[in-house]
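The values are calculated or read from the model by the stated rules, or taken from the named source; none is laboratory data. Since we're looking at a predicted model, the values are computed, not measured. Glycine also receives a Cβ, built like all others from the backbone with ideal geometry; neighbour counts cover every protein chain displayed.
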Protein chains: 4
Amino acid sequence: MTLRIGVIGTGAIGRDHIRRITCNLSGAEIVAVTDVNADAAALAIESYGLSGAKIYPDDLSLIAAPEVDAILVASWGPAHQQSVLAGIAAGKYVFCEKPLATTAAGCREIVEAEIKHGTRLVQVGFMRRYDSGYIQLKEAVESGFIGEPLMIRCAHRNPSSADLYTTDMAVTDTFIHEIDVLHWLVNDDYVSARVAFPKKTRNALPHLRDPQVITLETRGGILITTEIFVNCKYGYDIQCEIIGEEGIVRLPEVAGITYRKDAQLGMNLLMDWKDRFIDSYDRELQDFIDCINQNRTLQGPTSWDGYVAAVTADACVRAQESGQEEAIELDEKPEFYGGIALRSV
Amino acid sequence: MTLRIGVIGTGAIGRDHIRRITCNLSGAEIVAVTDVNADAAALAIESYGLSGAKIYPDDLSLIAAPEVDAILVASWGPAHQQSVLAGIAAGKYVFCEKPLATTAAGCREIVEAEIKHGTRLVQVGFMRRYDSGYIQLKEAVESGFIGEPLMIRCAHRNPSSADLYTTDMAVTDTFIHEIDVLHWLVNDDYVSARVAFPKKTRNALPHLRDPQVITLETRGGILITTEIFVNCKYGYDIQCEIIGEEGIVRLPEVAGITYRKDAQLGMNLLMDWKDRFIDSYDRELQDFIDCINQNRTLQGPTSWDGYVAAVTADACVRAQESGQEEAIELDEKPEFYGGIALRSV
Amino acid sequence: MTLRIGVIGTGAIGRDHIRRITCNLSGAEIVAVTDVNADAAALAIESYGLSGAKIYPDDLSLIAAPEVDAILVASWGPAHQQSVLAGIAAGKYVFCEKPLATTAAGCREIVEAEIKHGTRLVQVGFMRRYDSGYIQLKEAVESGFIGEPLMIRCAHRNPSSADLYTTDMAVTDTFIHEIDVLHWLVNDDYVSARVAFPKKTRNALPHLRDPQVITLETRGGILITTEIFVNCKYGYDIQCEIIGEEGIVRLPEVAGITYRKDAQLGMNLLMDWKDRFIDSYDRELQDFIDCINQNRTLQGPTSWDGYVAAVTADACVRAQESGQEEAIELDEKPEFYGGIALRSV
Amino acid sequence: MTLRIGVIGTGAIGRDHIRRITCNLSGAEIVAVTDVNADAAALAIESYGLSGAKIYPDDLSLIAAPEVDAILVASWGPAHQQSVLAGIAAGKYVFCEKPLATTAAGCREIVEAEIKHGTRLVQVGFMRRYDSGYIQLKEAVESGFIGEPLMIRCAHRNPSSADLYTTDMAVTDTFIHEIDVLHWLVNDDYVSARVAFPKKTRNALPHLRDPQVITLETRGGILITTEIFVNCKYGYDIQCEIIGEEGIVRLPEVAGITYRKDAQLGMNLLMDWKDRFIDSYDRELQDFIDCINQNRTLQGPTSWDGYVAAVTADACVRAQESGQEEAIELDEKPEFYGGIALRSV
């Protein structure tokens, strides 16, 4: 069986997914595309030789098309909510890039619609859950290898940030990935957020406070500290270390050859974020395709996870501004999404 | 375009390739299978739901089938040569698992047939050239980062060997992968082989001499030492280090999470060889498919590389028996395969 | 020249220093000892064959003895202040184990006495400044290799704590070493402290809050986060990482042989804190001896550093109780101790 | 007790030992020096303020001096034998820098003299046995942690060699340290040597064959391969890895801080050999002093070890010239030196 996918938004991310589905993955094909810029849509079709794909004028018409089994939402953030809701209304599968919606209320609306529909249709594009390192960390937690997790220490560093990157984007564009993957890792809910600003690097533009240190606490008492440093200069570097009662586990370095030269023992670090989770992008989408083709329930990040991310990000942005601890108040998790499975308090 | 592949041999490796092509890769489908055991062929079709694939009674009828664009040879070694030659005669693309043929003369015959055909049709399944670590090593050599290579130190270790594994198989089944990847790494030809036998491990069966240390020398004078140790107990471990005039590069460890527990700082090693090059198996076959679908010349290991492997392995087996240095005498490399590109002598 | 040392306190630490001076170091000898337990003093003399050493009834008589050039204070904490002040009054050199005094006021009194004396007489036993790793970190900061330091991440972990160990001792006995070495590393003063309590490990006794996360901020804005975890079970582990504008430096693991065995690549971690800084204990004391014997100014931790440690520890203990940020208010650093050399604010 | 040492030879190594004994170590003092260059001897005394040390005109008069308890032989190699024999004849302890004598016969003569004397008097300055890493390797072998050793892989690399350094010096000056430490590590005797010459680096002078690969085999069948590369450019690097039946152990890298900067994760390597075993030089001499002062039998490298080194080095130099395997024929080990304690054949 071949899953027929319609792509909404043919910017950089949309085109990358088109390439992936067409050239790398198995079991799916692109049958429809749309973009606010019609030329961009046409160019995407041409670039990847998608002779069988049709261009639609907008998301709603694409979603309505009978040949479309599933949609991939890669438009700009504010447009996501409408597409996702329309997809659910049409009973079609939806792979939605982050954010699921730009507000917590918007995410909640999607959650309700999906519950009302009665089966899972939506997967949010948080790819880290498909990274081999994070999967190993989760296994180490769930097997009891490190005992109960007590603390998590993370770092999310980029060599440099774009001029338009603002202080709140450190939460909504950058930390959002930690928000998603960390509560999944320890199967717990966040209850509070706090943000501290160390001495600012001179390598950041005047309007940007960089680095930041964000502290989350979970219902079970786990203290999570993440350094966000988007002008660290030296590389793109993702670190995560879980400190448990019996031991510690840590993400590996990205495997690279080691060298001995010029009085140094070293290895190269990545400079480009696109290289870091390149396999995870493939795996999240292959999993989405396989689950549908094999009539299995979607197992990737859910609408509820999108909602958790939105509520948590809101609290972090408030904490940036207030300098205080801000509460993270989530609704009760619906049975539909697996119910509550919290760590012991 | 979808490449239509016929699979010859549906044992473990053949089935794994069928799964790969069907579930992981893009641009190809299985349209035909054959096996000396007809039930095995039927089972393979059923296991992967290949409703469109036809079972043929033997390799020749499969190769003759008009719907077959390319064949994948995964039968037992002694049968390879006939299938490959028939494939070339039919002008079909051939992906052949090692060995290309069981004798150097057989390989040479394939080389002649392919040259006579006039374009490259054959890729041999030496997957290490598609491993990210080896690719980085090759870049380090070719960019001049370590200067001229002078020595290579390798280890090829398995936790344990099967009862039927014999001393010569350390060359023909195990070291054969180093034989292929090392001359590619340094773009040089082997001229001699020598084998030393250290103290034998008590963990090997009486008939097996294990470990062994194989030394190859290249035309350019590079000294290559490889430890083959197939009952090392602790893991499946592939090491390769190139010592150059200006520095050294080394394969990375397989990335795994690190732990701190019970007074140890550690990480898991692989126990199963199948996990080590899992990505490379995908990449070698995707590359084969892409080159054909995009009308590009095959760029994987050639028939000539299969011939080099056979000649070199023969010399190593002779060296096991003689205890002496044995010459490796290769014919001159045909222009068809890129001609001679040796390191300076 | 041989420095004649009188030791005040022959408990575990005192005896260890006696052994060190007698068996490992050069240029000094033990000529006098005293202990509140006279038998312990006699035993120490006997254990190390110090036939020439005399037992004194108390610290003051030992300090007054004409054959004593320098005293080593290794009694229990509350007794330190009197011995140090008496030593200064007698114009004798003083090597004082931490704490210099149990109160900031007591430390301040020592500082005043030393300034009044006019030359440096006192070195406090903060040995980490003599550790090769910390020295390399300091060089990396001072050479500009990582640019301006922005953040420091530390961990101080013990396998288990004694029954009598209390929550505040995580500051006064454990974190005190980070307090000393970190302001020295970045040449800056602390201005505030905050303490957070993650989920408690079940491996700690009921009365002890463990782990703790202590955050210090410096005048220059550097944010320092230290995890104190004294029942981590897995080992004695000291980590320190400085994140600067241009790069990051980190303490090395303690060098140990690596092994490959049982599907693990690993190395042993220390379990006993006494092994971690064993060389530093030798070096701090040899440096004290050499400076005196060579008529050079003492260069180890000063009375002022002892005062800084006391004021900072007080604030951290307050922060443990208040749950709030607590100010660290230091007097202006006297010219006598090198004056103010702060990082740019 | 203070051991009174007379130093024969005040060149670089002799002066370094004088500094060590005077400034670093405990329990010994320099009471006499001699050098073929009387000014050098006087300068050494002056440099280290050895007001109590007397200058003697030659080794024999120094050895005869009643105030001399032990001699330290640091003259040039050809003079060692006479001094050591005179020391033994006078019943004095002898710490002799390598070589014990320049010929195997000379070493044998010393062995006979010491046996005749009846107690151990001589320690040879092979310091690696005092290196923490090698000691851990030996423990791993002796505890059975890696099972029976089967192979050893070593590398001994220097950034560059002096103009006067010749091909045979790769054995007599460089590999000599591996010769000593490796048979001690596995408690076995060498039986043969072979030398291979890989492609030569252009960074070596025309007269020097560099790198070299020396293979030793032991009576028990252990195969030891050592790369000697004295113009490797990148650093001073000592590697040793023991491959056993149950696992592998390897020397650690020299501990240094790690950095993340400029897209690199790295650490500094040593460039100067003097830094690599700096602690071992202290320990070997402190052990010599302590054994004598405490009336314990010397436990460092013996005269017999000096003899083993000489016989083995001779075979390696022959192997450099012959290109063949050369036998290493040792006399039977006298009971005096612990008798034969070979690995099972």
Which of the residues belonging to the stretch A:211-258 are charged (D, E, K, R) and either touching a strand residue (DSSP E or B) at 6+ places or on another chain (Cβ under 7 Å) or surrounded by fewer than 20 Cβ atoms within 10 Å (Cβ to Cβ) (or both)?
A:GLU217, A:ARG219, A:GLU227, A:ASP237, A:GLU241, A:GLU245, A:GLU246, A:ARG250, A:GLU253
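Within the stretch B:44-72, take every residue that is among the aliphatic types (A, V, I, L, M) and farther than 12 Å from B:VAL33 by Cβ and give me the one that is farthest from the chain's Cα centre (by Cα).
Among them, the one singled out is B:ALA64.
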For the condition part of a loop (DSSP other than H, G, I, E, B) and either buried (at least 18 other Cβ atoms within 10 Å of the Cβ) or at pLDDT below 95 (or both), what is the one hit in C:PRO99, C:PRO57?
C:PRO99
Given the criterion polar (S, T, N, Q) and touching a strand residue (DSSP E or B) at 6+ places or on another chain (Cβ under 9 Å), identify the matching residue among C:SER51, C:SER83, C:SER47, C:SER26.
C:SER83
Only one of A:GLU67, A:GLU46, A:GLU114 is acidic (Asp, Glu), at pLDDT 95 or above and surrounded by fewer than 16 Cβ atoms within 10 Å (Cβ to Cβ), namely A:GLU67
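Could you say which residue among D:MET267, D:MET271 is within 21 Å of the chain's Cα centre (by Cα) and either within 29 Å of C:GLN264 (Cα to Cα) or away from chain C (no Cβ under 14 Å) (or both)?
D:MET271
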Residue list for the stretch D:23-53, restricted to those being touching a Leu at 6+ places or on another chain (Cβ under 9 Å), away from chain C (no Cβ under 14 Å) and closer than 16 Å to D:LEU3 by Cβ
D:VAL31, D:ALA32, D:VAL33
I'd like the full set of residues that are in contact with an Asp or Glu (Cβ under 8 Å, 6 or more places away or on another chain) and farther than 30 Å from A:MET271 by Cα, limited to the stretch C:229-249.
C:PHE229, C:VAL230, C:ASN231, C:LYS233, C:TYR234, C:TYR236
When you scan the stretch B:72-87, do you find a residue that is part of a strand (DSSP E or B) and either hydroxyl-bearing (Ser, Thr, Tyr) or farther than 30 Å from B:VAL249 by Cα (or both), even just one?
yes
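Being closer than 24 Å to B:PHE197 by Cβ and crowded, with 19+ Cβ neighbours inside 10 Å is the filter; apply it to the stretch D:192-210 and report the residue that is nearest to the chain's Cα centre (by Cα). Show your work before the answer.
At the first step, the residues of the stretch D:192-210 found to be closer than 24 Å to B:PHE197 by Cβ are D:192-198.
Now restrict to residues that are crowded, with 19+ Cβ neighbours inside 10 Å: D:193-196, D:198.
Values: D:ALA193: 19, D:ARG194: 21, D:VAL195: 21, D:ALA196: 24, D:PRO198: 26 Å.
Here the answer is D:ALA193.
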Would you point out which residue out of B:GLY106, B:GLY91 is farther than 24 Å from B:ARG20 by Cα, among the small types (Gly, Ala, Ser) and assigned to a loop (DSSP other than H, G, I, E, B)?
B:GLY91
Spot the failing condition for A:GLN324; the list is (1) under 27 Å from A:PHE175 (Cβ atoms); (2) surrounded by 17 or more Cβ atoms within 10 Å (Cβ to Cβ); (3) of a type outside the set (Lys, Arg); (4) within 12 Å of another protein chain (Cβ to nearest Cβ), and only one is missed.
(2)
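Yes or no, residue by residue, for (1) over 26 Å from D:PHE145 (Cβ atoms); (2) in contact (Cβ under 8 Å) with a residue 60 or more places away in the chain; (3) more than 9 Å from chain A (Cβ to nearest Cβ); (4) of a type in the set (Ser, Thr, Tyr):
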{"site": "B:ASP210", "(1), (2), (3), (4)": "no, no, yes, no"}
{"site": "B:VAL213", "(1), (2), (3), (4)": "no, no, yes, no"}
{"site": "B:GLU246", "(1), (2), (3), (4)": "yes, yes, no, no"}
{"site": "B:VAL249", "(1), (2), (3), (4)": "yes, yes, no, no"}
{"site": "B:GLY256", "(1), (2), (3), (4)": "no, no, no, no"}
{"site": "B:ASP262", "(1), (2), (3), (4)": "no, no, no, no"}
Could you list all residues from the stretch A:215-232 that are facing another protein chain (nearest Cβ under 8 Å) and hydrophobic (A, V, I, L, M, F, W, C)?
A:ILE222, A:LEU223, A:PHE229, A:CYS232
Please state which of the following conditions B:ILE176 fails to meet, knowing it meets all the rest: (1) in a loop (DSSP other than H, G, I, E, B); (2) touching a Lys or Arg at 6+ places or on another chain (Cβ under 9 Å).
(1)
Which residue out of D:SER143, D:SER161 is surrounded by 20 or more Cβ atoms within 10 Å (Cβ to Cβ) and not aliphatic (A, V, I, L, M)?
D:SER161
Do we find that C:LEU150 is modelled with pLDDT of 95 or more, surrounded by 22 or more Cβ atoms within 10 Å (Cβ to Cβ) and within 18 Å of the chain's Cα centre (by Cα) in this structure?
no
Determine whether A:ILE152 is β-branched (Val, Ile, Thr) and free of Cβ contacts under 8 Å to residues at least 24 places away in the same chain.
no
Among (1) closer than 25 Å to B:LYS261 by Cα; (2) touching a residue at least 40 places away in the same chain (Cβ under 8 Å); (3) at the interface with another protein chain (Cβ under 7 Å from one of its Cβ atoms) - the single one A:GLY235 does not satisfy:
(1)
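Do you know which of the residues in the stretch C:1-22 that are within 14 Å of chain D (Cβ to nearest Cβ) and crowded, with 17+ Cβ neighbours inside 10 Å is nearest to D:ASP279 (Cα to Cα)?
Looking at residues that are within 14 Å of chain D (Cβ to nearest Cβ) and crowded, with 17+ Cβ neighbours inside 10 Å, I get C:ARG20.
Checking the condition touching a strand residue (DSSP E or B) at 6+ places or on another chain (Cβ under 6 Å) and either crowded, with 20+ Cβ neighbours inside 10 Å or within 30 Å of B:TYR234 (Cα to Cα) (or both), which residue from D:LEU285, D:LEU265 passes?
Of the residues listed, the single one that is touching a strand residue (DSSP E or B) at 6+ places or on another chain (Cβ under 6 Å) and either crowded, with 20+ Cβ neighbours inside 10 Å or within 30 Å of B:TYR234 (Cα to Cα) (or both) is D:LEU265.
Return the residue satisfying two criteria in turn: it lies in the stretch C:109-143 and is closer than 30 Å to C:GLY91 by Cβ and assigned to a loop (DSSP other than H, G, I, E, B), and of such residues it is farthest from the other protein chains (Cβ to nearest Cβ). Can you show your working first?
At the first step, the residues of the stretch C:109-143 found to be closer than 30 Å to C:GLY91 by Cβ are C:109-130.
Checking the rest, the ones that are also assigned to a loop (DSSP other than H, G, I, E, B) come to C:118-121, C:125-126.
Working: C:GLY118: 28, C:THR119: 23, C:ARG120: 22, C:LEU121: 23, C:GLY125: 20, C:PHE126: 19 Å.
Selected residue: C:GLY118.
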